[in-house]
Each structure stands twice: as C-alpha cells, then as structure tokens.
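The values are calculated or read from the model by the stated rules, or taken from the named source; none is laboratory data. This one's a predicted model, so the numbers in the text were calculated from it and none came from an experiment. For neighbour counting, all protein chains shown are included, and Cβ atoms are generated from backbone atoms with ideal geometry for every residue, glycine included.
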Amino acid sequence: MICPLCDTPGGTVLWQDDFCRVVLADEPDYPGFLRVILNAHVKEMTDLPAADQQALMRAVFAAEAALREVMAPDKINLASLGNVVPHLHWHVIPRFAEDPHFPAPVWGAKQRDTPHAAPADLGAQLAGAISLRLVLAPETE
C-alpha cells in the first residue's frame, strides 16, 4: 500500500525538522487547517516512545497556539484519526461560528457555504508563529 504521507508533504510545509512537519492543508472551506505529520511511518501514538509522544504533542500544541494567535478562532478542533491514512498525523483545525459545518465536525453535513475569510499571507503568518514556538523558543511551549 502506498502511503500519501510518506510520499508527499501532505500540504504546504510551514515548518519541519527531522521528526515531524506542520503543513497547511488544501482545505478551501477551512483556511488555516493544519496537519502535524510524523515523518516516520508509524500508525499509533502508543507505537512511539514517551519522549517522541511528547515531542509530537509539543508540535501539535505549537500549531494550536499559532492558530489562536494569527486567526483568533472561536474554537480549535484536534483530531488524530488515521482511518483512511494510517500514518500518524494530527489535524489542528480553526473553527468559527460561521464556518461551513459549525457546530458539527468538519467532516459532517455542511450547514452553510461560506468559509471564514483569511489574509492572503496566512501561510507566512502561521509559519512565523509556529517557528517562534518550535525553533526560537523550543522549551517554552
């Protein structure tokens, strides 16, 4: 079986190191939809040693904090599913009261057709905010 997260970045890479990457997903209804993807092909969180579990969650929390800073969403949804792509990754999704599925999950029935507006330089803003948390201040998040 070919793994799309082993063979492709999985989105526009905003930050990466040897362990994982944070990508901006191509989700037009959800600007700011991020994925934190483990670089190694691993299926479950409990397949990782404790230190790696903590490192991955640190990246997830940095992505969440960056979204809160840059987009000020009403809520952040975190999900690690892997039913379709069994490669360890986390979805970090900014949610707004007027987004297409709110208050339902983004994978539910659409409630409306208008995505939340986002600045043209959203990717650059998020990349900077994530880097501040993971590179410039690696032990503060």
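Being among the small types (Gly, Ala, Ser), surrounded by fewer than 20 Cβ atoms within 10 Å (Cβ to Cβ) and in a helix (DSSP H, G or I) is a condition met by no residue of segment 86-101. Answer yes or no: is there a residue in segment 54-64 that is more than 14 Å from the chain's Cα centre (by Cα) and modelled with pLDDT of 95 or more. Yes, segment 54-64 contains at least one residue that is more than 14 Å from the chain's Cα centre (by Cα) and modelled with pLDDT of 95 or more. Among the residues making up segment 12-53, those that are more than 18 Å from Pro119 (Cα to Cα), of a type outside the set (A, V, I, L, M, F, W, C) and in contact (Cβ under 8 Å) with a residue 24 or more places away in the chain are Asp17, Arg35, His41, Lys43, Glu44, Asp47, Asp52. On the given criteria, is Ala118 assigned to a loop (DSSP other than H, G, I, E, B) and either loosely packed, with under 15 Cβ neighbours inside 10 Å or touching a helix residue (DSSP H, G or I) at 6+ places or on another chain (Cβ under 9 Å) (or both)? Yes: the conditions hold for Ala118. Cβ-Cβ contacts under 9 Å between residues 6 or more apart (or on different chains), taken from a first residue in segment 107-136 that is over 17 Å from Ala72 (Cβ atoms) to a second residue that is among the basic types (Lys, Arg) and part of a loop (DSSP other than H, G, I, E, B), are absent.
Total residues in segment 59-81 satisfying the condition of being surrounded by 16 or more Cβ atoms within 10 Å (Cβ to Cβ) and either of a type in the set (Gly, Ala, Ser) or assigned to a loop (DSSP other than H, G, I, E, B) (or both): the figure is 6. Is it the case that some residue within segment 14-21 is at pLDDT below 95 and among the polar types (S, T, N, Q)? Looking through segment 14-21, none of the residues is at pLDDT below 95 and among the polar types (S, T, N, Q).
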